[in-house]
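Notes follow once the structure below has been shown.
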Amino acid sequence: MSFVGFVVNESYDLVVLAAGIGSRFGGLKQVQPVGPHGELIIEYSVHDALRAGFNRLVLVIRKDIEADFRATIGRRLEARMDVSYVFQETGAGRVKPWGTGQAVLAARDAVCRPFAVINADDFYGASGYAALAAHFAASPGYALVGYPLRQTLSEFGTVSRGLCATDAQGRLQSITEITKIAKQGASAKYTEADGLVHLLSGDEIVSMNFWGFTPAVFAQLEKLFAEFQAKHAGDPKAEFYLPTAVSTLNERKAAEVALLKSGDAWFGITYKEDLGFSQEAIKALIAAGKYPARLWG
């Protein structure tokens, strides 16, 4: 299989995390159209992933949104590639699911080859999928596709980002979660709980939850999740975050993670105001010839 700008020799899975509640947005973000013909962000992700060789889709959703999700999103994607649905359960006494680490673990029985993990409501650009496919073709190891911080900030409020640290060989060593990051021109700043303000250049590489794994990760996540539940069983708000889990694997020398860098634009829908920005960003990419005006022709 080949596409303009891509040569695809292998096939991989794409796991999309779509069980989020969207509390800051105020509704189901995944169904908001961003393209000129009503295309959703997830459709652009599938379009880019297909070109890079990710030809099977695993959607991680909540059981309570299954009917609406299949009707509004699933039917569109099922026409493009093989689609499986898996469910992230909240557990007794919880309103929210256990977090992104548990979401990936929910896909365990549906995945049997190298796979990418992305968020349903984030636009990542095509180059990240191509870089990850090239990584898989050369190595069976894990990888993270990172983005310069300035490409990931919102004009409409503060965001949380995972700052990436690497070793001398460029492998990911740790991810430090930073909250309340605000855009400040071409740079940024964040404020700690005690009011102390830190400046950031904007060049820092951050995690936007775009990962590459092999099925070996499931047994590792299962063990870490059991440890997490034993420690936080009584906290209904505790979440088992995927970046934290991967950092733990690094610390224990249980995994090596390559840090791949994307220069593409990233954008997502966190606040309601982000929707209009995302629509304008898609228009600009279409005008630049990156995508056809009607995505699927």
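The values are calculated or read from the model by the stated rules, or taken from the named source; none is laboratory data. Since the structure is predicted, the reported quantities are computational estimates derived from the model, not experimental observations. Counting neighbours? That spans all protein chains shown, and the Cβs are built from the backbone with ideal geometry, glycine included.
Answer yes if at least one residue in segment 138-145 is on the phi < 0 side of the Ramachandran plot, touching a residue at least 40 places away in the same chain (Cβ under 8 Å), in contact with a Lys or Arg (Cβ under 8 Å, 6 or more places away or on another chain) and of a type outside the set (D, E), and no otherwise.
Checked segment 138-145: at least one residue is on the phi < 0 side of the Ramachandran plot, touching a residue at least 40 places away in the same chain (Cβ under 8 Å), in contact with a Lys or Arg (Cβ under 8 Å, 6 or more places away or on another chain) and of a type outside the set (D, E).
What are the residue pairs meeting all of these: first residue in segment 272-294, first residue in contact (Cβ under 8 Å) with a residue 60 or more places away in the chain, second residue in a helix (DSSP H, G or I) and loosely packed, with under 15 Cβ neighbours inside 10 Å, Cβ atoms under 9 Å, and 6 or more apart or on different chains?
From segment 272-294, the pairs are K290/A284.
Any residue at all in segment 45-63 that is over 20 Å from the mean Cα position of the chain (by Cα) and over 22 Å from P292 (Cα atoms)?
Yes, that holds for at least one residue.
Got a sec? Which of Y129, Y124 is of a type in the set (S, T, Y), over 27 Å from Y190 (Cβ atoms) and either in contact with a strand residue (DSSP E or B) (Cβ under 9 Å, 6 or more places away or on another chain) or at pLDDT 95 or above (or both)?
Y129 is the lone residue from the list that is of a type in the set (S, T, Y), over 27 Å from Y190 (Cβ atoms) and either in contact with a strand residue (DSSP E or B) (Cβ under 9 Å, 6 or more places away or on another chain) or at pLDDT 95 or above (or both).
I want to confirm something. Restricting to segment 111-129 and keeping residues that are within 15 Å of the chain's Cα centre (by Cα) and closer than 15 Å to D13 by Cα, which single residue is surrounded by the most Cβ atoms within 10 Å (Cβ to Cβ)?
Across segment 111-129, the extreme among qualifying residues is Y129.
Could you check segment 133-180 and list, in sequence order, the residues that are under 24 Å from E256 (Cα atoms) and of a type in the set (D, E)?
The answer is D167, E177.
For residues that are surrounded by fewer than 17 Cβ atoms within 10 Å (Cβ to Cβ), in a strand (DSSP E or B) and either without any contact (Cβ under 8 Å) to a residue 24 or more places away in the chain or among the small types (G, A, S) (or both), tally how many sit in segment 148-173.
Looking only at that region, the number is 2.
Give me the pairs, please: first residue somewhere in segment 46-67 and on the phi > 0 side of the Ramachandran plot, second residue anywhere and among the hydroxyl-bearing types (S, T, Y) and not in a helix (DSSP H, G or I), beta-carbon distance under 8 Å, and either six or more positions apart or on two chains.
Once the first residue is on the phi > 0 side of the Ramachandran plot and sits in segment 46-67, its partners that are among the hydroxyl-bearing types (S, T, Y) and not in a helix (DSSP H, G or I) give G53/S11; G53/Y12.
Within segment 26-36, is even one residue part of a loop (DSSP other than H, G, I, E, B), buried (at least 16 other Cβ atoms within 10 Å of the Cβ) and at pLDDT below 90?
Checking segment 26-36: at least one residue is part of a loop (DSSP other than H, G, I, E, B), buried (at least 16 other Cβ atoms within 10 Å of the Cβ) and at pLDDT below 90.
Specify the residue that is modelled with the highest pLDDT; the eligible residues are those in segment 182-240 that are within 23 Å of the chain's Cα centre (by Cα) and acidic (D, E).
Top of the filtered list is E222.
Which is surrounded by fewer than 17 Cβ atoms within 10 Å (Cβ to Cβ), among the basic types (K, R), out of contact with any Cys (no Cβ under 9 Å at 6 or more places or on another chain) and touching a residue at least 60 places away in the same chain (Cβ under 8 Å), of R75, R108?
Going through R75, R108 in turn, just one is surrounded by fewer than 17 Cβ atoms within 10 Å (Cβ to Cβ), among the basic types (K, R), out of contact with any Cys (no Cβ under 9 Å at 6 or more places or on another chain) and touching a residue at least 60 places away in the same chain (Cβ under 8 Å): R108.
Looking at D48, D64, D68, which one is modelled with pLDDT of 95 or more and not basic (K, R)?
Every option except D48 fails the conditions.
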